[in-house]
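Report on the following structure.
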Amino acid sequence: MPEFPSSRTRLYVDQPLAVGEVIALTEAQFHQLKTVQRLATGAILGLFDGVNGGFLAELRLEKKSAVAVVTSQSQILEPLGELTLLFAPIKSARFDFLVEKATELGVTRLRPVLTDRTQGDRVNVRRLRETVREAAEQCGRVELPRVDEPEKLVRILEGWNQADALYLCAEAGAALPLHRASKPGRGAVLIGPEGGFSPVEFARLRSLPFVVPVSLGPRILRAETAAIAALACWQAIEGDWQSRPDTQGEA
Ligand code: SAH
């Protein structure tokens with residue numbers, strides 16, 4: 001059985017990790033470890049920096065600060081298939097939920113898309129990146145998905161690499177079930193806003209050769225449900241649910 005990441009505390013650190021390094025933890029990390037998790041000096045942490053893989057480190061608590069002494073490398077950084085989720089911003093509580101689940105499902109890039117019916121055009125990208133970091137720590141990833149600034153759908157389509165399929169999750173109109181439409185390689189899934197795509201957007205999307213309309217079943221899903229369903233289908237068919245490298249050690 002593949003080794004799943006243990007339940008130990010895992011932290012993302014924004015500096016390069018290597019065995020022997022002494023990592024100064026942030027105030028927020030100090031508070032989380034000492035006050036919230038009530039850990040003591042000697043506790044083993046899982047650290048990752050998003051570049052060098054996963055490491056084990058020993059916690060050293062001082063009165064008002066903490067360091068982690070890196071003792072061994074526990075996980076190498078696997079080359080990840082690219083899985084991009086393009087999604088229209090939705091109401092914030094559901095939005096955080098969508099971003100957290102997408103991170104757990106292995107998305108490698110999150111692209112907020114401004115569409116005709118998107119509610120509001122402000123996206124708190126800093127908050128998104130916090131949500132992504134916390135979800136990556138929780139689920140044992142050793143790299144962080146990239147989070148882009150919001151961009152208009154038209155601009156994204158203009159700059160699209162035509163070699164990459166864009167799976168348009170379409171709740172209406174003839175669309176292939178995702179499992180019959182997917183092509184190997186990089187995946188990109190587009191989910192519309194609560195109000196769906198406008199007729200003009202929909203017609204433009206369907207006219208593009210790299211757009212593959214896909215269905216997620218006969219029911220109208222909420223955007224966050226559609227995102228989770230589409231990413232799960234992709235991972236099961238083309239992604240990393242096929243086989244877990246047995247090097248998935250403890251991070
Ligand atoms: N237009 C819908 C609401 C949109 S749901 C309505 O009439 O109420 C938000 C987004 O989720 C849609 O734009 C689509 O991208 C996706 N979605 C929802 N249900 C889907 C389905 N059954 N198949 C594919 N995509 C779906």
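The values are calculated or read from the model by the stated rules, or taken from the named source; none is laboratory data. Everything numeric here is computed off the predicted structure, so don't read it as measured data. Backbone-built Cβ (ideal geometry, glycine too); neighbour counts: all protein chains shown. Surface areas here come from the heavy atoms of the whole protein model, side chains and all, with no ligands, DNA or RNA. Shrake-Rupley method; radii C 1.70, N 1.55, O 1.52, S 1.80 Å.
To the nearest µm²/s, what D does Stokes-Einstein give for the chain at 10 °C and 1.306 mPa s, using the Kirkwood radius over alpha carbon pairs as Rh?
The diffusion coefficient I find is 82 µm²/s.
Of Gly195, Gly187, Gly239, which has the largest mean-square fluctuation in a 10 Å C-alpha GNM of the chain?
Result: Gly195 has the largest fluctuation of those listed.
With a Förster radius of 30 Å, plug the Cβ-Cβ distance of Arg219 and Val51 into 1/(1 + (r/R0)^6) and report the FRET value to the nearest 0.05.
0.15
Could you order Leu128, Leu208, Leu176 so the one with the most accessible surface comes first? Probe is 1.4 Å.
The most accessible residue leads, giving Leu176, Leu208, Leu128.
With point charges of +1 on the Cβ of Lys and Arg and -1 on the Cβ of Asp and Glu, referenced to the Cα centre of the range 10-75, which listed residue (Ile23, Leu45, Ser74) lies farthest in the positive direction of the dipole?
The listed residue farthest towards the positive side: Leu45.
Show the residues, 5+ positions off or on another chain, whose built amide H is closer than 5 Å to the amide H of Leu114.
Glu151, Lys152, Leu153
With +1 assigned to the C-beta of every Lys and Arg and -1 to the C-beta of every Asp and Glu, and no other charges, what is the dipole magnitude of the chain about the Cα centre in debye, to the nearest 20?
Using Cβ point charges on Lys, Arg, Asp and Glu, the chain gives about 560 debye.
Show me, for the range 210-223, the HN-Hα J-couplings you get by feeding each phi into the Karplus relation (A = 6.51, B = -1.76, C = 1.60, θ = phi - 60°), rounded to Hz, glycine and proline as x.
Taking θ as phi minus 60°, the curve returns 8, 8, 10, x, 10, 9, 10, x, x, 9, 8, 8, 5, 4 Hz for the range 210-223.
Could you do me a favour and compute the accessible area per residue for the chain, 1.4 Å probe, result in Å²?
Per-residue value: 51 Å².
Between Arg8 and Arg155, what is the label-point separation in nm under the 7 Å Cα-to-beta-carbon projection?
About 4.3 nm, to one decimal.
Distance in nm between label sites at Val19 and Lys64, each 7 Å beyond Cα in the beta-carbon direction?
3.6
Would you pull out the residues with amide H under 5 Å of Leu11's amide H, same chain only if 5 or more places away, H placed 1.01 Å from N?
HN-HN under 5 Å from Leu11: Gly46, Leu47, Phe48.
Estimate the FRET efficiency between Glu27 and Ile76 by the formula 1/(1 + (r/R0)^6), using the beta-carbon distance for r and 30 Å for R0, to the nearest 0.05.
That pair, Glu27 with Ile76, gives E of 0.50.
Would you pull out the residues with amide H under 5 Å of Leu166's amide H, same chain only if 5 or more places away, H placed 1.01 Å from N?
Result for Leu166 returns Val211, Val212.
For the range 60-74, just list the computed ³J(HN,Hα) in residue order, Karplus coefficients 6.51, -1.76 and 1.60, θ = phi - 60°, integers in Hz, with x standing in for Gly and Pro.
Ordered by residue, 3J(HN,Hα) equals 10, 8, 9, 4, 10, 8, 8, 10, 10, 9, 6, 10, 7, 8, 10 Hz.
Once phi is turned into ³J(HN,Hα) by the Karplus curve 6.51 cos²θ - 1.76 cosθ + 1.60 with θ = phi - 60°, what whole-Hz value does each residue of the range 87-101 show in order, with x for glycine and proline?
Once rounded to whole Hz, the list reads 8, 7, x, 10, 4, 4, 4, 5, 5, 4, 4, 4, 5, 5, 5.
Hey, got the dipole for the range 10-75? About the Cα centre, +1 on K and R Cβ, -1 on D and E Cβ, debye to the nearest 20?
Dipole size: approximately 300 debye.
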